[in-house]
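Student: One structure coming up, written as structure tokens, with questions to follow.
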Amino acid sequence: DLTDGPAQEKTGAKKVIRFQKCIIAAGSSPVHLPFIPQDPRIVDSTGALELRTVDGQAPKKMLVIGGGIIGLEMATVYSLLGTRVDVVEMLDALMQGPDRDAVKVWEKQNLHRFDKVMLKTRTVAVDARADGLYVKFEGEQAPADEQRYDLILQAAGRSPNGRKLGAENAGIAVNERGFIPVDAQQRSNVANIFAIGDIVGNPMLAHKGVHEGHVAAEVAAGELKGDAHLARVAFDAQVIPSVAYTHPEVAWVGVTEDAARREGRAVEVAKFPWAASGRAIANGADYGFTKLVFDQATQRVIGGTIVGPSAGDMIGEVALAIEMGADAVDIGKTIHPHPTLGETIG
């Protein structure tokens, strides 16, 4: 049985739905740190999008807990509204995932937005008072005194909603972290129930969930119709691109240069500085770059990183190149229009 929450609240009655196939797409929720009080001035990424104001003005001082992509995206927005921002991150660097040279470009363009970037530091206490939110920190870069903020954004990760559904009532397996394990056709351990998106595992990205949804819907519909080709339908993406929608954008896909070096993988790297791109210069984005990573033996492209405006729009070409097994010649001999940022890939 699946219960319709809103209907239950309004009528007090349970609504029972009968189905042959079901796709669970219940997503994930922001992690709420247990020591942080409930207060309207303490928000997650959804609450931050409501653009809280005080007397019609953006908050003067904001703390972002978590130096990952979501926190930095929202820090960019509030900074542009005039808010001064502090960031606290337990790890030794911001924006884990992309190559460090890309993050350094982002930092150079953005550090003016922040009063404090506290790495290897954690938040240990928050006291919500009438005149502000008072926070204590511990760690390498923790200030000695408590700090006052008008707004706090919790961006310390997300957790899957698998344990919030009563899925066990239908016999669906949910692991200890709250994920629903699925096979390559997005099927759970219950044959007629599928799951997609954040609730089935990382990376928690909308574009991954959409493609998983395509697979689940095709399999579910095909089984009802008896389609013969269903054995070939599966989620088998080689790579899933990631984008930080900051300014500038940072986008990456496949094997990063840093990961290849750590693993001792034999690669070649081609890096095009946007200072040599007329379009980037005209756009005031000559600080950016496009980088491709090739397997040394086959010369096939296995990864790429782009930093600069529209990086997220461009990374799809690199993802396609990896999926299609393109090598350096395939990309270099493909005519790209001029003047564009996209020609930096060619």
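Student: Please identify the longest segment of the chain free of exposed trypsin sites (Lys or Arg not before Pro), where exposed means a DSSP state other than H, G, I, E or B and no more than 11 other Cβ atoms within 10 Å. Provide the component values of the computation, followed by the final result.
Tutor: Numbers: sites that count: Lys14, Arg18, Arg177, Lys333.
Free of exposed loop sites, the longest segment is 19-176.
Student: Moving on. When averaged across all projection directions, what area in nm² does the alpha-carbon convex hull of the stretch 141-194 cover?
Tutor: Values: hull surface 27.7 nm².
Averaged projected hull area, Cα only: 6.9 nm².
Student: Measure off, as a whole percent, the carbon and sulfur share of the 1.4 Å-probe accessible area of the stretch 44-115, all protein chains present. Walk me through the intermediate numbers first.
Tutor: On the way: 1890 of 3370 Å².
It is 56 percent, rounded to a whole number.
Student: Can you give the FRET efficiency to the nearest 0.05 for Gln141 and Arg261, using r as the Cβ-Cβ distance and R₀ = 30 Å? Before the final figure, lay out each step's value.
Tutor: Details: r = 27 Å, r/R0 = 0.90.
That pair, Gln141 with Arg261, gives E of 0.65.
Student: While we're here: Count charges around Leu91 for me, please; just the other residues with Cβ under 15 Å from its Cβ, Lys/Arg as +1, Asp/Glu as -1.
Tutor: Values: positive: Arg100, Lys120, Arg122; negative: Glu89, Asp92, Glu107, Glu138, Glu140, Asp258.
With Lys, Arg at +1 and Asp, Glu at -1, the net is -3.
Student: Under 13 Å between alpha carbons, and skipping anything fewer than 8 positions from Lys164 in its own chain: which aspartates and glutamates qualify?
Tutor: Output for Lys164: Glu176.
Student: Looking at the square roots a ≥ b ≥ c of the eigenvalues of the Cα gyration tensor of the stretch 76-208, which shape do they give, rounded for a/c under 1.5, prolate if a/b is larger than b/c, or oblate?
Tutor: Values: a/c = 2.77, a/b = 1.88, b/c = 1.47.
Prolate shape, in that a/c is at least 1.5 and a/b is the bigger ratio.
Student: Right, here's the next one. Which net charge results for the neighbourhood of Phe114, defined as the other residues with beta-carbon distances under 12 angstrom from its beta-carbon, given Lys and Arg at +1 and Asp and Glu at -1? Walk me through the numbers on the way to the answer.
Tutor: Details: positive: Lys61, Arg84, Arg113, Lys116; negative: Asp86, Glu89, Glu107, Asp115.
Within the 12 Å Cβ shell, the charges total 0.
Student: Heavy-atom accessible area per residue, the stretch 216-293, 1.4 Å probe: how many Å²? Write out the running numbers ahead of the final one.
Tutor: On the way: 3980 Å² over 78 residues.
With all protein chains present, the stretch 216-293 gives 51 Å² per residue.
Student: Given Cβ point charges of +1 (Lys, Arg) and -1 (Asp, Glu) and nothing else, what value in debye, to the nearest 20, does the dipole of the stretch 43-176 about its Cα centre take?
Tutor: Working: 17 positive and 20 negative charges, 32 e Å.
With only Lys, Arg, Asp and Glu charged at Cβ, the dipole is about 160 debye.
Student: Can you give the charge dipole size of the stretch 213-346 about its Cα centre, rounded to the nearest 20 debye, using +1 on the beta carbon of Lys and Arg and -1 on the beta carbon of Asp and Glu?
Tutor: Numbers: 10 positive and 17 negative charges, 47 e Å.
Computed about the Cα centre, the dipole is about 220 debye.
Student: Taking the alpha-carbon distance from Lys333 and a cut-off under 20 Å, which aspartates and glutamates remain once sequence neighbours fewer than 8 residues away in the same chain are dropped?
Tutor: Within the straight-line cut-off, Lys333 pairs with Glu268, Asp295, Glu317, Glu323, Glu343.
Student: Another one. Pop out the carbon and sulfur fraction of the accessible area of the stretch 263-302 as a percent, whole number, probe 1.4 Å. Present the calculation step by step, with values, prior to reporting the outcome.
Tutor: Numbers: 1020 of 2070 Å².
Here it works out to 49 percent.
Student: If I compute P(r) over Cα pairs in 20 Å bins from 0, in percent from the structure I just sent, which labelled value in (i) 33, 59, 7, 1; (ii) 30, 61, 9; (iii) 25, 50, 25, 0 lines up?
Tutor: The value computed from this structure is option (iii).
Student: Also: Give the lysines whose C-alpha is closer than 30 Å to that of Lys61, dropping any in the same chain fewer than 8 places away, or say none.
Tutor: Lys104, Lys108, Lys116, Lys120, Lys136
Student: Once the piece of chain linking His32 and Arg100 is laid out straight, how much longer is it, given 0.36 nm per residue of separation minus the C-alpha distance between them? Please report the intermediate quantities before stating the final value.
Tutor: Values: separation 68, 0.36 × 68 = 24.48 nm, distance 2.85 nm.
My answer for the length gained is 21.6 nm.
Student: Might you report the magnitude of the Cβ-based charge dipole of the chain about its Cα centre, with Lys and Arg at +1 and Asp and Glu at -1, to the nearest 20 debye? If you can, show how the numbers build up before the last one.
Tutor: Numbers: 36 positive and 44 negative charges, 91 e Å.
Charge dipole of the chain: 440 debye, to the nearest 20.
Student: If you don't mind, another one. What figure, in Å² to the nearest 10, do you get for the accessible area of Glu50 with a 1.4 Å probe and non-protein molecules left out?
Tutor: 120 Å²
Student: Now, a different point. Could you state the accessible area per residue of the stretch 67-148 in Å², with a 1.4 Å probe and every protein chain left in place? Mind dumping the intermediate values first?
Tutor: Numbers: 3920 Å² over 82 residues.
With the other protein chains kept in place, the stretch 67-148 gives 48 Å² per residue.
Student: Explain nothing, just the number: relative contact order of the stretch 13-136, from Cα pairs under 8 Å at least 6 residues apart, as a whole percent.
Tutor: 22 percent
The values are calculated or read from the model by the stated rules, or taken from the named source; none is laboratory data. Quick caveat: nothing in here was measured; it's all calculated off a predicted structure. Backbone-built Cβ (ideal geometry, glycine too); neighbour counts: all protein chains shown. Heavy atoms of the whole protein, side chains included, go into the accessibility calculation; ligands, DNA and RNA do not. Shrake-Rupley method; radii C 1.70, N 1.55, O 1.52, S 1.80 Å.
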